[in-house]
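Derivation of every value follows stated rules applied to the coordinates shown; laboratory data play no part. Bear in mind the structure is a predicted one, so any value in this text is a computation, not a measurement. Glycine also receives a Cβ, built like all others from the backbone with ideal geometry; neighbour counts cover every protein chain displayed.
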Amino acid sequence: MWPRPPRATPVGSSRRCWESTDSDGVDPSPWEEHAGWWQQEFTDGADPEYEEQILPLVEHHLEGVDRLLDVGCGEGQISRRAAALGIDVVGLDLSASQIIEARRRGGDIGYVRAPADCLPVRDAAFDAVLMCLVIEHLDPFEPAIREMARGPHAGRRGLLLLNHPLLQAPGSG
Ligand SMILES: C[S@@+](CC[C@H](N)C(=O)[O-])C[C@H]1O[C@@H](n2cnc3c(N)ncnc32)[C@H](O)[C@@H]1O
């Protein structure tokens, strides 16, 4: 058995591809507006879809993973579940409110504020990369997928979970 590699930590990117506020001082993440609603209605046991389907599915697919990158981690419910399995986790999200809440809710997890299309991580630094209910919010989504492909070692795991159109509210597009 190989010794376990050192803890996964995000590394500074030489590319500065985003700013935390635009020139008018407005935060560019639309999720700032929704973060409180998400934290109250969908996390920490509040949402049966997470409890009964998403979290068990994620646990199943993370079997054998040592180091996970959780892209668009929100307030960290998947990161915490993965960390409880003994996985070394880094969670990234563009919304400051989500990252602040994720840190407040605790766990031995490295949280970083960063956009999905410019991840401050080295190539092949993880065993697996996960994105859950985030790709629906990205337009275009391709740059994020390209970035995610840099995360795991060749041949390791990528998990993408997204809403079935059946679950969209009528008229939501
Ligand atoms: C529906 S929540 C899902 C949160 C988490 N993945 C979970 O399953 O609990 C969507 C998350 O995507 C994040 N997000 C949206 N656009 C993003 C982007 N361009 N880069 C990084 N995160 C983004 C939001 O801030 C929000 O926390």
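Fully extending the segment from GLU52 to ARG103 would add 15.9 nm, taking 0.36 nm per residue of separation and subtracting the current Cα-Cα distance.
The GluC sites (Glu not before Pro) of region 53-120 that DSSP puts in a loop, and whose beta carbon has at most 11 other beta carbons within 10 Å, are GLU63. A simple rule links phi to the HN-Hα coupling: the Karplus curve 6.51 cos²θ - 1.76 cosθ + 1.60 with θ = phi - 60°, which for region 68-75 gives 10, 10, 9, 8, x, 6, x, 7 Hz, with x for Gly and Pro.
Can you give the translational diffusion coefficient of region 54-129 in µm²/s, computed by Stokes-Einstein from the Kirkwood radius over Cα pairs at 25 °C and 0.890 mPa s? The estimated diffusion coefficient comes to 200 µm²/s. The label-point distance for ARG156 and GLU142, in a model that sets each label 7 Å from Cα toward Cβ, rounds to 2.7 nm.
For region 49-58, 3J(HN,Hα) computed residue by residue from phi via the Karplus equation (6.51, -1.76, 1.60; θ = phi - 60°) reads 5, 5, 5, 8, 10, 5, 5, x, 5, 5 Hz, glycine and proline entered as x.
Computed over region 30-161, the alpha-carbon pair-distance distribution with 10 angstrom bins reads 13, 48, 35, 4, each value a whole percent. Find out how many positive minus negative residues lie around LEU92, taking Lys and Arg as positive, Asp and Glu as negative, among other residues whose Cβ is under 12 Å from that of LEU92. After counting each charged neighbour, the total is -3.
Amide hydrogen proximity for VAL121: with H placed 1.01 Å from N in the peptide plane, the residues at 5 or more positions away or on another chain lying under 5 Å are VAL11. Residue-wise HN-Hα couplings along region 108-122, as the Karplus relation 6.51 cos²θ - 1.76 cosθ + 1.60 with θ = phi - 60° gives them from phi, are 8, 9, x, 10, 9, 8, 6, x, 4, 8, 8, 7, x, 9, 6 Hz; Gly and Pro carry x. Put simply, the amide H of PHE126, placed in the peptide plane, has neighbours under 5 Å in HIS153, leaving out anything fewer than 5 places away on its chain.
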